[in-house]
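First, the structure itself, so that you have it in front of you.
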Amino acid sequence: MAEQTVAIDAASRPEASSTVLQIAVLAALAATGTLATNILLPSLPQMAASLNVSSGAVTSAITIFLAVFALGQLVVGPISDRFGRRWPVLIGFAVFFAGSVWCGLAADLPSLLTGRVIQAAGACATSVLSRAIARDLFSGAALARAMALIMIAMAAAPGFSPLLGGALDHYFGWRSEFALVAAFAGLGAIAYGTVLGETHNATRTPLDPLAIAKNYLGLIADRRFLVPAATVSLIMGGLFSMFSAAPRVLIEALHFSPIELGLFFAGTVMIVFAAGMLATKLAPRYGLDRSIRGGLFAAAAGSVAILLVSLFTPTFLPFLAAMSVFLLGMGIVNPLGTAQALSPFGEKAGAASALVGFWQMMTAAIGVWLTATVSHEAMFSLAIVLTVFSLIAAGLYTLRARKTA
């Protein structure tokens, strides 16, 4: 039934094909937030020393960014449904640019945190609207393909940015990382205005707080949105948990060097890239439901495998093999589940995309917190979180399939 709904929605308007430039710009919008966060990871000790605070204190620059990033999406989505995508995106880039400059000039921790709040307020606009713009432009298989490529960019940013951040910190100091992301924002704004511009040509939704609340409640109550959106959020929560736990697993437990850790992150991108490409082939051939169920099975199998590795043979190669299976499943579920959640809601794609983004970031925050607190054994703690999240996601999606069969 869900696949029929998507098909009906797709049939209501022509299915446009994405161009390389369109996808590249959407990917840049989507990657802004994760780039601004993960590029700092290798520099946290140097930032702490420079600002005369502890390493624990300076990590609040990551936490506060994620919190503002999550909450801001709930505001930006409805604004874009009322006023269009163009000005929220351009203002978002401008705010992000200003926050990056502020961070780069910060002389103490409170000033740095203020800049991070400004950064996140801008980044949430570009990230959430990348999905809404994709929904404006594409439908059906083209939408699934666009979401897959956007997801690859979102995975590439945290995958490669620690390597880039480490190199910048080594040669130019940690402040150069903020200069880079500021330049990225400037180029992103120019590219967006040139390649895409305004894409929201559907009926504009009034900017009324009660109407916005009703919009969100309506989405939550709609099974077509709720189940795939919650499923994707759980799987993405697992991905962010992996990124946060990897330094503890590889450096502290398995004695990797920081450079080797960066190479591990970069290697994960290749797996996610392959999974995203596979997702674009699976959806037209087997449909969204069957493809998503297959991805969930792979994610759950990989999570259980990591749990077994942590209990019986906590070494790198078995861990890498099990994590690769999880990443393969995640790379299939995320784009297809997001496309399935957004497809029926063209007139309120901004609100729907905002709610998906909010759930993803909040679930990621919960996953990161649980991974740090469940156990002192980093690999075991990560395995527990991944297993619980993946099994809940698979069970939730199975119940949906039974209800809509």
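The values are calculated or read from the model by the stated rules, or taken from the named source; none is laboratory data. Bear in mind that the values here come from a model prediction, so they are computed numbers and not experimental data. Cβ placement follows ideal geometry from the backbone for every residue including glycine, while neighbour counts extend to all protein chains displayed. SASA here: full protein model, heavy atoms, side chains in, ligands and nucleic acids out. Shrake-Rupley method; radii C 1.70, N 1.55, O 1.52, S 1.80 Å.
Roll a 1.4 Å probe over the protein heavy atoms and report the accessible area of His255 in Å², nearest 10.
For His255, solvent-accessible area is about 140 Å².
For the chain, calculate the relative contact order in percent as a whole number, restricting contacts to Cα pairs under 8 Å that are 6 or more residues apart.
Value for the chain: 26 percent.
Still on this structure, please answer the following. For the ranges 280-293, 323-336, what's the packing order if you count other beta-carbon atoms within 10 Å of each residue, average per peptide, and put the highest first?
Final packing ranking: 323-336, 280-293.
If one computes the Cα centroid of the range 227-270 and of the range 295-343, what distance in Å separates the two points?
11 Å
Can you give me the pair-distance distribution of the chain, C-alpha pairs, 20 Å bins, whole percents?
29, 59, 11
Among Ser43, Ser257, Asn215, which residue has its Cα furthest toward the positive end of the charge dipole of the chain, with +1 on Lys/Arg Cβ and -1 on Asp/Glu Cβ?
Going by the charge dipole, the pick is Asn215.
Of all accessible surface on the chain at a 1.4 Å probe, what whole percent is carbon and sulfur?
71 percent
Given a 1.4 Å probe, how much area per residue of the chain is accessible, in Å²?
Here the residues of the chain average 40 Å² of exposed surface.
What's the local net charge at Arg86, with K and R +1, D and E -1, over the other residues with C-beta under 12 Å away?
Net charge in that neighbourhood comes out at -1.
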